[in-house]
Structure formats: structure tokens, C-alpha cells
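Undergrad: The following block contains the structure, expressed as C-alpha cells.
The values are calculated or read from the model by the stated rules, or taken from the named source; none is laboratory data. Only a predicted model underlies this, so the values are computations on that prediction, with no experimental measurement involved. No Cβ is skipped: glycine too gets one built from the backbone with ideal geometry, and neighbour counts run over all protein chains shown. SASA here: full protein model, heavy atoms, side chains in, ligands and nucleic acids out. Shrake-Rupley method; radii C 1.70, N 1.55, O 1.52, S 1.80 Å.
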Amino acid sequence: MSVLVLAAPAAASAHLSINPSQVHTGALVDLDFSVPNTGDAMGIDHVTLGIPQEFDLDDVEAKPTWTQSRTGQAVTWSGGMIPKGTFARFAIRGTAPSKAETVLFNVLVGDRTGKSITYRVALDVTASGDEDKGARTLGRGALGVAIVAAVLALGALFLGLYLWLRPPPP
């Protein structure tokens with residue numbers, strides 16, 4: 001008998017997480033899905049990631065003791081074990097969508113009895129132009145000013161040394 005539960009993204013975040021949870025449009029990213037076993041005494045022995053069509057999947061993590069298979073936009077790890085009270089990470093690499101949006105990954109976790117739960121995990125994709133605002137811009141400006149000040153200070157030092165060390169006029 002199989003039990004399927006669809007959890008809302010907010011509810012899924014309490015149990016299953018994605019890191020990072022926000023990426024920039026078109027960026028090459030590594031995503032880690034942290035899959036806990038909070039109450040399944042049998043242990044979780046398979047995890048399937050349903051990858052949204054907007055995400056261009058390149059590679060998936062090879063995990064020791066787990067067998068991996070890929071069918072289209074789905075990756076399944078099976079044969080390993082996540083004992084009760086522990087968690088495991090499953091990683092993928094790919095290219096984020098080209099437009100700013102929220103995409104949902106379907107993550108199915110199950111045990112040997114056939115019991116399974118499906119979580120919907122959100123990934124926020126933001127426009128890449130938003131990355132250089134605020135403190136970063138001020139920090140870069142301050143660094144530029146500091147470099148100019150250092151060059152001027154060195155120039156004054158060398159001029160002072162030259163004037164001090166030059167021979168007196170005849």
C-alpha cells in the first residue's frame with residue numbers, strides 16, 4: 001500500500017530543505033537537498049527528485065551505497081538507508097532558469113514497505129542584476145578610494161625621501 005502526501009512548500013521547508021534556496025537567473029548552481037527521517041522506523045531507502053522543466057540538469061551526485069538512475073527530469077537514489085532520526089544530502093548540478101520565477105522540485109521519499117511522502121520544495125530564481133546593490137557597491141567604492149589614497153601616500157613618501165636625500169645645492 002502506498003501513501004502519497006503533497007505538502008505545501010512552506011510545510012516542506014520544515015522537514016526537507018534546499019541549499020541554496022535562492023539562485024540567479026542562468027547561473028550554474030549546485031543544489032543540496034537535505035532529506036531527514038524524522039519518524040520512519042523502517043528507514044528511508046529511496047529518494048526521487050522531480051526536476052522542473054525550467055531547470056537544466058547537468059549532473060547528479062553519486063552517493064556511496066546508493067544506486068542512482070535518471071529518467072528525463074527525474075533522478076532516483078535507492079538501496080541506501082536514512083535511519084530514523086538522521087538525514088542525508090542529495091546533490092544536483094545544473095543551470096538555473098533564464099527568467100526570474102519560483103520553480104518547484106518534487107521530492108519523493110519512501111521506505112521498503114512502499115510508504116512514501118512527496119514534498120514540493122521551492123527554489124527562488126532572481127534576476128542576476130539584483131546581486132550588486134547596497135553594501136557591496138559601497139564596499140567596492142571604498143576600496144577604490146583606499147587604493148587611490150595609498151598611491152598618493154606612497155608618492156608623498158618618495159618625494160619626501162628624494163628631497164631629504166638629495167645633495168644640497170652648490
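Undergrad: How big is the accessible area of residue 24 in square angstrom, nearest 10, if you roll a 1.4 angstrom probe over the protein chains?
TA: 60
Undergrad: Now for a separate question. For residue 30 and residue 84, calculate 0.36 nm times their separation in residues minus their Cα-Cα distance, and state this gained length in nm to one decimal.
TA: Difference between extended and current length: 16.8 nm.
Undergrad: Right, something else. What accessible surface, in Å², does a 1.4 Å probe find on residue 113, ignoring ligands, DNA and RNA and rounding to the nearest 10?
TA: 80
Undergrad: While we're here: If you place +1 on the Cβ of every Lys and Arg, -1 on the Cβ of every Asp and Glu, and leave all else neutral, what size is the dipole of region 71-134 about its Cα centre, to the nearest 20 Debye?
TA: That gives region 71-134 a dipole magnitude of about 440 debye.
Undergrad: What full-extension length gain, to one decimal in nm, is calculated for residue 124 and residue 74 as 0.36 nm per residue of separation minus the Cα-Cα distance?
TA: 16.0 nm
Undergrad: So what are the ³J(HN,Hα) numbers for region 119-126, from phi and the Karplus equation (6.51, -1.76, 1.60; θ = phi - 60°), rounded to whole Hz, Gly and Pro as x?
TA: For region 119-126, the Karplus curve yields 9, 10, 10, 8, 10, 8, 10, 10 Hz.
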